[in-house]
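The values are calculated or read from the model by the stated rules, or taken from the named source; none is laboratory data. Not measured: the values here are computed from a predicted model. Quick reminder, even Gly has a Cβ in these numbers, built from the backbone with ideal geometry, and neighbours come from all protein chains shown. Side chains are part of the model used for accessible areas, which takes the heavy atoms of the whole protein and leaves out ligands, DNA and RNA. Shrake-Rupley method; radii C 1.70, N 1.55, O 1.52, S 1.80 Å.
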Amino acid sequence: FDRIENLEEYTGLRCLWLECNGIQKIENLEAQTELRCLFLQVNLLHKIENLEPLQKLDALNISNNYIKTIENLSCLPVLNTLQMAHNHLETVEDIQHLRECARLCVLDLSHNKLSDPGILKMNDPKETCVGPSNTSYLSEQKQGGDSWSDGRLAHQTDDKED
């Protein structure tokens, strides 16, 4: 499949698995207002878009696509988990929009091209997985509030070895 279509009748869906297709655009999800989980990994996506109707979306997996910029996620008020491994993210600017995702707790950015040391200064949600093949786990240390959304640096870096 190369398009998301013909889902208008399925208004009560809570999870939608569309992984491993040839989907090129996130579209036609207006009727999916009850959706909690959306799995779009291993497709041909280049942009995050058209998610506004998914106000109850808690988890989004868009790993293994061609996305260069994180955008258009602040419209998802309860987004808790974002998986974006194996995309084309490179700079702090590419992931800057994450600051607007206040409820985000789990973030996977592994296997992107994020080499800018400034990324570690962006502050992380409770658990973040970043880095190319050497994965670093950043864990939040609570210091009187949510450091991710209020902009304070409150994390500890522990390199995990296999």
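Tabulated values for the structure
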{"read-out": "Probe 1.4 Å, accessible area per residue of segment 1-68, Å²", "value": "54"}
{"read-out": "Length added when fully stretched, E19-N50, from 0.36 nm per residue minus Cα-Cα", "value": "9.4 nm"}
{"read-out": "Loop-located chymotrypsin sites (Phe, Trp or Tyr not before Pro) in segment 1-52 whose Cβ has at most 15 other Cβ within 10 Å (DSSP)", "value": "F1, Y10"}
